[in-house]
Amino acid sequence: MAYTIFIFVRIDSQYMIVPMAIQSKREMHLTNDSRVVIVGGGPAGSFAALHLLRYAAQANLNLEIIIFEARDFNRPGPGGCNKCAGILSSTLVHNLETLGLELPADVIQAELNAYVLHLGEAEILLNRPNSGRRSLSVYRGSGPRLGTAPAPHSFDGWLLNQAREHGAEIRRARVQTITRGERSERPVVATAHEKLEADLVVVATGVNNRAPLEAAWHYQPPQTEIMAQDEIPLPGGFLTDRVHIFFDHPQELIFGGLIPKGRYANISLLGRGLPPDAISDFLEGNKLTKLFPEGTPALCGCTPRVAISAAPKCYDERLVIVGDAAVTRLYKDGIGAAFTTAEAAARTAIQHGISRRDFASGYHPTQQHIANDNLYGQFIFRLWSLTQRSPFLLNAWRRAILSEIDLPTADRIHARVLWGMFTGDESYQKIFQLSLSYPALRALWQGALKGWRGK
């Protein structure tokens, strides 16, 4: 926007009024027929499209939204999968409803009503603390590579199709570069066959694919760790509504989950520096191989990366990065974080603008809130690591959990803490506060006293 000011100039002892045009910093806004290009069609990209369409409709804006995604999520195996445990928190299930979305029954692989903790020879059952809050397991792709027909339905495929049905265009191509615009100042998105100028680019590539941003954007991806995952037939005797959690093997393990998904079970191991044979060590060390007398059939192994930090810079002029490529919740509820970051980015773009300053004020606080909450999570996992190395503390913690079994559901503090840790139903800050509450510390102290007395 240009402003005109008038100044007095003295020329040959005479004063003259001279107009001068001042060009202010141009504001950037989406207008009718603006083009938004979303790079990546996983949950973060699909959520970005759905939120943009919702906010645009409220503002009476007509946007052209194009999602580039090369993968077919209806394909079995790693090629069609976003490689995660696939647990949807109750918060995310509720948030889907705010977009007018209802998960089809054939996408839901299991409704999770309990967790079973395996501590050495002991097993501790944690029932769902709140019957009204649903936690679900889904497949990100279309089931294991070596699975049998019929193949399970994909959550990511269903969500991308919802974006299409609401008005986004899906193009099956891989983006090679995203460059800064020159004359028009609009970014240019290039595939092997076309180049598109965009009024706004949303990057939703995750951390297992390279974000195709040229060096001029100065993007640095989050730090990552390696997970280990596989699929096996659901072991006989394992109920389809219970997740089994193990802590002992392999040695580098933080915790491992056996997650029911229809006819199969997903194995997801979180650890630091997991060895290449982590899945085999997990199955053998936890005596799960005995469930398969003819050998454990591994149906679909992979070693995906998980983000453990936030990207230092996740927005610029006409550019915003969402989902794992920007920030995610530590070790859990990555799909929920994709929803949250995509919503904040879309709301900022429609209601405020698409400049760097707009995203700094409207989007960055959401990213920072998740990153700050993860600091509590890092502290909690350090405490857990110390507890694992101390048989005395581990037994005191186990006794504290067992002491709550006969209490009303609302008073089972340790059960609520653990449920929140594994499902993503609680923020890490809330979990930290619950862990240091008087009832939790009292139960832990009483458990320690019983240990000292040899009970």
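Taken over region 129-156, residues that are over 22 Å from the mean Cα position of the chain (by Cα), of a type outside the set (Val, Ile, Thr) and over 17 Å from residue 258 (Cβ atoms) amount to 9. For region 441-451, the count of residues that are among the basic types (Lys, Arg) and touching a helix residue (DSSP H, G or I) at 6+ places or on another chain (Cβ under 8 Å) is nonzero. May I ask you to verify whether residue 284 is more than 24 Å from residue 422 (Cα to Cα), out of contact with any strand residue (DSSP E or B) (no Cβ under 9 Å at 6 or more places or on another chain) and among the charged types (D, E, K, R)? Against the criterion (more than 24 Å from residue 422 (Cα to Cα), out of contact with any strand residue (DSSP E or B) (no Cβ under 9 Å at 6 or more places or on another chain) and among the charged types (D, E, K, R)), residue 284 does not qualify. Under 8 Å by Cβ, and 6 or more places apart or on different chains, what pairs join a residue from region 78-91 that is on the phi < 0 side of the Ramachandran plot with one that is open to solvent by 40 Å² or more (accessible area, probe 1.4 Å) and of a type in the set (D, E, K, R)? What qualifies is 78/145; 79/71; 79/72; 80/71; 80/72; 90/133; 90/134.
Candidates in region 301-325 are the residues that are open to solvent by less than 20 Å² (accessible area, probe 1.4 Å) and hydrophobic (A, V, I, L, M, F, W, C); of these, the one that is farthest from residue 368 (Cα to Cα) is 319. Is it the case that residue 178 is assigned to a strand (DSSP E or B), closer than 17 Å to residue 72 by Cβ and either modelled with pLDDT of 95 or more or among the small types (Gly, Ala, Ser) (or both)? Taking the combined requirement at face value, the residue does not satisfy it. Looking across region 78-135, the residues that are assigned to a loop (DSSP other than H, G, I, E, B), open to solvent by less than 30 Å² (accessible area, probe 1.4 Å), at pLDDT 90 or above and not hydroxyl-bearing (Ser, Thr, Tyr) come down to 99, 101, 103, 107, 112. Once region 183-222 is narrowed to residues that are charged (D, E, K, R) and in contact with a Pro (Cβ under 9 Å, 6 or more places away or on another chain), the residue that is surrounded by the most Cβ atoms within 10 Å (Cβ to Cβ) is 199.
This table checks each residue for (1) part of a helix (DSSP H, G or I); (2) without any contact (Cβ under 8 Å) to a residue 60 or more places away in the chain; (3) surrounded by fewer than 22 Cβ atoms within 10 Å (Cβ to Cβ).
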{"site": "327", "(1), (2), (3)": "no, no, no"}
{"site": "335", "(1), (2), (3)": "yes, no, no"}
{"site": "347", "(1), (2), (3)": "yes, no, yes"}
{"site": "354", "(1), (2), (3)": "no, no, no"}
{"site": "359", "(1), (2), (3)": "yes, yes, no"}
{"site": "367", "(1), (2), (3)": "yes, yes, no"}
{"site": "371", "(1), (2), (3)": "yes, no, yes"}
{"site": "376", "(1), (2), (3)": "yes, yes, yes"}
{"site": "380", "(1), (2), (3)": "yes, yes, yes"}
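On inspection, residue 301 fails the criterion of being in contact (Cβ under 8 Å) with a residue 60 or more places away in the chain and closer than 25 Å to residue 96 by Cα. Only one of these conditions is not met by residue 234: (1) over 23 Å from the mean Cα position of the chain (by Cα); (2) open to solvent by 20 Å² or more (accessible area, probe 1.4 Å); (3) over 18 Å from residue 138 (Cβ atoms); (4) not β-branched (Val, Ile, Thr). Which number is it? With respect to (1) over 23 Å from the mean Cα position of the chain (by Cα); (2) open to solvent by 20 Å² or more (accessible area, probe 1.4 Å); (3) over 18 Å from residue 138 (Cβ atoms); (4) not β-branched (Val, Ile, Thr), residue 234 is out only on (3). Exactly one residue among 172, 180 is surrounded by fewer than 17 Cβ atoms within 10 Å (Cβ to Cβ) and either touching a helix residue (DSSP H, G or I) at 6+ places or on another chain (Cβ under 8 Å) or free of Cβ contacts under 8 Å to residues at least 60 places away in the same chain (or both), and that residue is 180. Note on region 1-72: enclosed strands (runs of 3 or more DSSP E) holding 2 or more residues that are at pLDDT below 95 are 2-11, 14-23. Please determine, by comparing only the residues of region 375-411 that are of a type in the set (Lys, Arg) and within 17 Å of residue 119 (Cβ to Cβ), which one is farthest from the chain's Cα centre (by Cα). The qualifying residue farthest from the chain's Cα centre (by Cα) is 399. Pairing each residue of region 234-254 that is of a type in the set (Lys, Arg) with any residue that is in a strand (DSSP E or B) and open to solvent by less than 40 Å² (accessible area, probe 1.4 Å), provided the two are 6+ apart or on different chains, yields C-beta distances under 8 Å for 242/114; 242/115; 242/116; 242/260. For region 392-455, the helices (runs of 4 or more DSSP H) that sit wholly inside it and include 3 or more residues that are open to solvent by 60 Å² or more (accessible area, probe 1.4 Å) are 428-435, 438-452.
Residue 343 meets all of the listed conditions (1) in contact (Cβ under 8 Å) with a residue 40 or more places away in the chain; (2) open to solvent by 10 Å² or more (accessible area, probe 1.4 Å); (3) not β-branched (Val, Ile, Thr); (4) not in a helix (DSSP H, G or I) but one, namely (4).
The values are calculated or read from the model by the stated rules, or taken from the named source; none is laboratory data. Model, not experiment: these values are computed from the prediction. Cβ: placed from backbone, ideal geometry, glycine included. Neighbour counts: every protein chain shown. Just the protein is used for accessible areas: all its heavy atoms, side chains included, with ligands, DNA and RNA removed. Shrake-Rupley method; radii C 1.70, N 1.55, O 1.52, S 1.80 Å.
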